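The values are calculated or read from the model by the stated rules, or taken from the named source; none is laboratory data. Please read all numbers here as calculations on a predicted model, not as lab measurements. Backbone-built Cβ (ideal geometry, glycine too); neighbour counts: all protein chains shown. Side chains are part of the model used for accessible areas, which takes the heavy atoms of the whole protein and leaves out ligands, DNA and RNA. Shrake-Rupley method; radii C 1.70, N 1.55, O 1.52, S 1.80 Å.
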Amino acid sequence: PEPPSEGLTVIKDFARKFYSSQAWKDTRAAYAKSKGYLCEPCLAKGIYKPCEIIHHKIILTPDNVDDPNVTLDWNNLECVCRDCHAAIHDRRKRRYKIDGFGRVISFERETISVLTSPLHVFVVDAWG
């Protein structure tokens, strides 16, 4: 099979050189092959969908785009389908969500802010 391409993914100007590099193309192809060309989040749910995008877990920025420990490290990569990729980025755009108990959850700090009144916010560790 063909390794996933960047397809319709929008590439920011600062990252164009990296995404057209042979090092990225080789890493992308090898990583996709190692995952059987399947979407990792879907596979974890028992769903077999092809990988369409190799996603960087740590978002590439002008400050880290030249750091192979970020850009080419397999621990920072994930095979995803377009639906999972959209869900990942939609979650990042939203700063907060409301959980099933009506609590405000911050995606940025991974904490739960329990609003007791308009003037008091108590922040508790969501996993501790």
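None of ILE112, ILE53, ILE58, ILE98 is surrounded by 13 or more Cβ atoms within 10 Å (Cβ to Cβ) and modelled with pLDDT under 75 except ILE112.
Screening segment 1-49 for residues that are closer than 24 Å to ASP63 by Cα, acidic (Asp, Glu) and open to solvent by 70 Å² or more (accessible area, probe 1.4 Å) and picking the one that is modelled with the highest pLDDT gives ASP26.
Mind listing whichever residues of segment 62-81 are assigned to a loop (DSSP other than H, G, I, E, B) and without any contact (Cβ under 8 Å) to a residue 24 or more places away in the chain? Passing the criteria: ASP63, ASN64, ASP67, ASP73.
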